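Notes for the one structure printed next.
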Number of protein chains: 2
Amino acid sequence: MRGELTAKGRATRSRIVEGAAAVLRERGVASATLDDIMARTRTSKSQLFHYFPAGKDELLVAVAQFEADHVLEDQQPYLGRLDSWEAWEQWRDVVIERYEAQGDECPLGSLFLQIGRSTPGARAIVIELMRRWQESLAAGIRSLQANGRLPAGLDVDARAAALLAAIQGGVSILLSTGRSTHLRAALHQGIADLRRAGDAVA
Amino acid sequence: MRGELTAKGRATRSRIVEGAAAVLRERGVASATLDDIMARTRTSKSQLFHYFPAGKDELLVAVAQFEADHVLEDQQPYLGRLDSWEAWEQWRDVVIERYEAQGDECPLGSLFLQIGRSTPGARAIVIELMRRWQESLAAGIRSLQANGRLPAGLDVDARAAALLAAIQGGVSILLSTGRSTHLRAALHQGIADLRRAGDAVA
DNA sequence: AATACAGTGGACTCATCAGTCCATTCGTAG
DNA sequence: CTACGAATGGACTGATGAGTCCACTGTATT
């Protein structure tokens, strides 16, 4: 199916994915229906099933992929250049700002726990996203080491994993309570502790 | 309604709540039906609506409360006595062990993001749980300060918030990827950093 | 023993929603 | 300009599941 799409077809398909993503963020995976998506994207049932023959699940996975592709992109260029403490702080502020602005309309919220558990494809997407996210953080820590701002002996992967967990937790709490206190605290403390790890040895 | 329940009624009601909780953990909030719950708890439709007149939503909130009540209880007595580094480590290991055993059947997973967003009552329950959890961690930090194992100048609330976020993130990642690496890293690093905060000043 | 009400059973209704099917239009290659 | 397949419209089906209703049973109180 993929190769046979005309330009018009491709346009419609991505209109569907983008519109579906918006609907899912607004209404949540549970209560979003194909009719909602049809209304939003000005498409008909037959179009939905034309582009996603396996039905709703296939569409959800496509949306998951679409959202996942944007999560890290949205943190650029900061996430890709974590080579100084200033860069880390800039990145931190961007992340906080972005998630505060999203409020409880989180693209990850749709993936995380909602699609993820039901369809195996979506779980793979989340795993891959986490892997890449953590790898970006690890790369940032390594470049601080290269700069001599952090000692070489640091357990980079453990640091990156803990930082990633802190972010995810902060976001989860933001989603379920509406408060960003924890996200802020997690990121500030996480980076401060990383810095202190340098001072301790240096 | 509450006050009028006979002993038999109370027994049935809690059988429903407990059974529903089990069903929700197994099948997820999205795909669990009243029929599933009826089958599991050996009750009829009329019983469900007798005890929860407002229907499924009311039952879900009751389950949320039930689960929330158990989350902190399950971490006792460790969570209540975080007055030495050994106690923190014991608590940490209990938490990790418990969540690893649960795998993706997490009571919080049901609350967090799934019930929470739809019904306002459930959100309040999650907020209260987070508050109490964080307060327990803060109390632990304060008792370390009282012992002289941590300096008095520490920002206790920020530390506790960050630690809570780390846990939640670790659990979220465990739920969506099936791996507990991040939960372990988050707790180990979090406690290690707390300890280092003491050394730095002491 | 009578009565009143909590507790229980389960058939029935009604709405919703994913998915099917066929008819029609559009776009393009020959 | 025609023929073919992609693209689209939308009515229809079937399943599912929440919630209603009424009849029946158990039990405690007087």
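For region B:65-201, take the convex hull of the Cα atoms, compute a quarter of its surface area, and give me that in nm², please.
On the way: hull surface 31.2 nm².
For the Cα atoms of region B:65-201, the hull's average projected area reads 7.8 nm².
Each residue of region B:27-32 in turn: what ³J(HN,Hα) in whole Hz from Karplus with 6.51, -1.76, 1.60 and θ = phi - 60°, glycine and Pro shown as x?
Result, ordered by residue: 9, x, 4, 4, 9, 7 Hz.
In percent, what relative contact order does chain B have, based on Cα pairs under 8 Å that are 6 or more apart in sequence?
Numbers: 185 pairs, mean separation 38.0, N = 202.
19 percent.
Which whole-number percent gives the relative contact order of region A:2-53, counting Cα pairs below 8 Å spaced six or more residues apart?
Values: 22 pairs, mean separation 17.9, N = 52.
Relative contact order for region A:2-53 comes out at 34 percent.
What dipole magnitude, in Debye to the nearest 20, does the protein assembly as shown give about its Cα centre under +1 on Lys/Arg Cβ and -1 on Asp/Glu Cβ?
Values: 50 positive and 50 negative charges, 165 e Å.
In debye, rounded to 20, the protein assembly as shown gives about 800.
Can you give me the angle between helix A:56-73 and the longest principal axis of chain A, using Cα atoms only, in degrees from 0 to 90, rounded to the nearest 10?
Roughly 30 degrees, rounded to the nearest 10.
Dipole magnitude of region A:2-53 about its Cα centre, charges +1 at Lys/Arg Cβ and -1 at Asp/Glu Cβ only, in debye to the nearest 20?
In total the dipole reaches around 180 debye.
Set Lys and Arg Cβ to +1 and Asp and Glu Cβ to -1, take the dipole of chain B about its Cα centre, and tell me which of B:THR6, B:CYS106, B:ALA124 lies farthest positive.
B:THR6
Taking a point 7 Å out from Cα toward Cβ as the label site, list the nm distances between A:ASP69 and the same residue in every other copy, smallest first.
Relative to the other copies, A:ASP69 has label-point distances of 4.8 nm.
Can you classify region B:122-180 as rounded, prolate or oblate using the Cα gyration tensor, where a ≥ b ≥ c are the square roots of its eigenvalues, rounded means a/c under 1.5, and otherwise it's prolate if a/b beats b/c and oblate if not? Working shown, then result.
On the way: a/c = 3.26, a/b = 1.71, b/c = 1.91.
Oblate is the answer for region B:122-180, as a/c is 1.5 or above yet b/c matches or exceeds a/b.
By a straight-distance test (C-alpha under 25 Å), which lysines pair with B:LYS45 as possible cross-link partners, with residues fewer than eight away in the same chain excluded?
B:LYS8, B:LYS56
Mind checking the full-extension length gain between B:ASP104 and B:LEU5? Use 0.36 nm per residue of separation minus the Cα-Cα distance, one decimal, nm.
On the way: separation 99, 0.36 × 99 = 35.64 nm, distance 3.50 nm.
Full extension of this stretch gives 32.1 nm more.
Label position 7 Å from Cα toward Cβ: report the copy-to-copy distances for A:SER143 in nm, one decimal, ordered from shortest.
Label-point distances to the other copies, shortest first: 4.4 nm.
Residues in region B:1-32 near a label at B:SER44, defined as backbone nitrogen under 17 Å from the 7 Å Cα→Cβ point?
Zone members listed by number: B:9, B:12-13, B:16.
Need one value for A:73-82: mean number of C-beta atoms belonging to other chains within 10 Å of its residues' C-beta atoms. Spell out each step's value before the answer.
Working: counts 0, 0, 0, 0, 0, 0, 0, 0, 0, 0.
Averaged over the peptide's residues, the number is 0.
Any read-out appearing in this document is the output of simple, stated calculations on the displayed coordinates, not a laboratory observation. Source: prediction; values computed, not measured. Neighbour counts run over all protein chains shown; Cβ positions are idealised from the backbone, glycine included.
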